Amino acid sequence: MSSIPECWVSHGLSEESRKKAEIELNETDERRAVALEELRAKIAVHSEGASNVTLKNYDDEFLIRFLRARKFDSERAYTLLVSYVKFRRVHGDMVDGVTLEMIIPFLQHKLPFIMKDRDAQGRRVLVFQPARLDSQLFKQAEMQRAILYVLDATIQDPETQVNGFIMIEDYTGLTLKKMLTFDQKLMKRMIELVQDAFPARFKGIHLYNQPWFFSLLWGFAKPFLKQKLRDRVSGP
């Protein structure tokens, strides 16, 4: 088993992040206990129904991720949990049997690249460079598996749960020919994951060095972005 990069390891919450959690997420010892109880109550009475989702008896550490992602609103955290489970059931190819060894080649090619240091606001920085995707070596669906594995690994860190992520999309070197090979269904799937099916705070998406034809790509993605996330995109 290859070792997990040091920057993925959880070291608990700093005092600064504890204060941020209280101010921005409404997280206090009392609210955390109440919200966990409320969320567990919703899980206990959950019925598969139209969602066709089965929920388990999750531990507190796992459920806290969803509460932090939704500012300790137990109803919204429950909705996110259902979406999270449903997404993984529908898109099992992204998670089933994926190991660190399988994604090492993607990390070596920086697909994606995790910056070692956080930004000034404590956010984890993920860098995506689409031009690096060599279709002779990797498939787009396989890259998405690597991205989700990285997200799953890094979100275990309480610091990342509180401070969130920012994403940098660097389009340097992207050609029109390569862009036209991108699978629109897979692109839509990643948008769905980020917006509705992952317990994290995505605080910004910064676009750099967009080529002249980027408007084609943005024109496809924009209709699927909710206003909140759209407002956090800079550069198009």
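The values are calculated or read from the model by the stated rules, or taken from the named source; none is laboratory data. In this text, all values refer to a predicted model and were calculated from it rather than measured experimentally. We place every Cβ from the backbone using ideal geometry, glycine too, and count neighbours over all the protein chains shown. Each accessible area value is taken on the protein alone, full model and side chains, heavy atoms only, with ligands, DNA and RNA left out. Shrake-Rupley method; radii C 1.70, N 1.55, O 1.52, S 1.80 Å.
Things worth noting here:
- No other residue among Y149, Y171 is modelled with pLDDT of 90 or more and either under 11 Å from the mean Cα position of the chain (by Cα) or among the small types (G, A, S) (or both) apart from Y149.
- Residue within the stretch 55-75 that is modelled with pLDDT under 95, touching a His at 6+ places or on another chain (Cβ under 8 Å) and surrounded by 15 or more Cβ atoms within 10 Å (Cβ to Cβ) present: yes
- In the stretch 188-234, the residues that are in contact with a strand residue (DSSP E or B) (Cβ under 8 Å, 6 or more places away or on another chain) and open to solvent by 40 Å² or more (accessible area, probe 1.4 Å): K203, H206, Y208, N209, R232, S234
- Only one of L13, L100, L111 that is over 28 Å from E142 (Cβ atoms) and either at pLDDT below 85 or open to solvent by less than 70 Å² (accessible area, probe 1.4 Å) (or both): L13
- Hits in the stretch 133-183 - residues which are open to solvent by 30 Å² or more (accessible area, probe 1.4 Å), farther than 15 Å from R123 by Cβ and among the β-branched types (V, I, T): T172, T175, T181
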